[in-house]
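Asks: Pasting a structure here, questions to come.
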Amino acid sequence: MRSIVIATMFAISSLVAVPAFAAPAQGGASAKVHHGDHAKFPMSGAEFKQKVDARQAKARARMEERASKLPADQANALRAKFEAGTATINAEVDKIVADGTVTEDEAKEFREVVRSVFPHAGKHHEKKS
């Protein structure tokens, strides 16, 4: 009886596993698998600016949500810091899109500028004691 159960479990698991392993091979050996909305470079300057503006709108909404829970003076300071950061980011975007296209290297440099303006990496990984 035990061997029948084990054989049945193996058969069912192989029905699920085999198509999962076979799926990436269908696109050929050189096909890249992209997850989500990854950017493909070179990208037009207008498309890059549109993506940056969309991310800034989301960040502004999150910032306003946080600011609504703070006292007025702290909320104003948070808004001022956010506006200063977005001004720096927008200046960098204007430099990058000036030639009409954005390369992958330019996007990587831009990402570093954004991280220097709004450093947040690692805070959500800290252990709470």
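Asks: What FRET efficiency, computed as 1/(1 + (r/R0)^6) with R0 = 22 Å and r the Cβ-Cβ distance, is obtained for LYS51 and GLU83, rounded to the nearest 0.05? Show your work: numbers first, answer last.
Replies: Working: r = 20 Å, r/R0 = 0.92.
Efficiency, from the Cβ-Cβ distance: 0.60.
Asks: As an exercise, use a Förster radius of 30 Å and the Cβ-Cβ distance of SER44 and LYS69 to find the FRET efficiency, rounded to the nearest 0.05. Please report the intermediate quantities before stating the final value.
Replies: Details: r = 39 Å, r/R0 = 1.29.
So the FRET efficiency works out to roughly 0.20.
Asks: Length gain on complete extension for the stretch GLU112 to ARG2, per 0.36 nm per residue less the alpha carbon to alpha carbon distance? Please list the in-between numbers first.
Replies: On the way: separation 110, 0.36 × 110 = 39.60 nm, distance 5.78 nm.
Additional length available on full extension: 33.8 nm.
Asks: Another one. How much of the accessible area of region 68-111, in percent, comes from carbon and sulfur atoms when a 1.4 Å probe is used? Mind dumping the intermediate values first?
Replies: Values: 1470 of 2810 Å².
The computed percentage sits at 52.
Asks: Moving to a separate point now. For labels at LYS95 and ASN76 in the simple 7 Å Cα→Cβ model, what's the distance in nm?
Replies: Output for this residue pair reads 3.2 nm.
Asks: Please go through the residue pairs LYS58/LYS108; LYS40/LYS81; LYS49/LYS69; LYS81/LYS108; LYS40/LYS69 and name each one whose alpha carbons sit more than 27 Å apart in this structure. Could the numbers behind the result be given before it?
Replies: Working: LYS58/LYS108 21 Å; LYS40/LYS81 31 Å; LYS49/LYS69 31 Å; LYS81/LYS108 23 Å; LYS40/LYS69 38 Å.
In this structure, LYS40/LYS81; LYS49/LYS69; LYS40/LYS69 lie more than 27 Å apart at Cα.
Asks: Can I ask one more? When the Kirkwood radius is taken over all Cα pairs of region 40-129, what Stokes-Einstein diffusion coefficient follows at 37 °C and 0.692 mPa s, in µm²/s? Spell out each step's value before the answer.
Replies: Numbers: Rh = 14.6 Å.
The calculation lands on 224 µm²/s.
The values are calculated or read from the model by the stated rules, or taken from the named source; none is laboratory data. Everything quoted here is computed from the prediction, not taken from an experiment. Backbone-built Cβ (ideal geometry, glycine too); neighbour counts: all protein chains shown. What goes into the accessible areas is simple: the full protein's heavy atoms, side chains included, and nothing from ligands, DNA or RNA. Shrake-Rupley method; radii C 1.70, N 1.55, O 1.52, S 1.80 Å.
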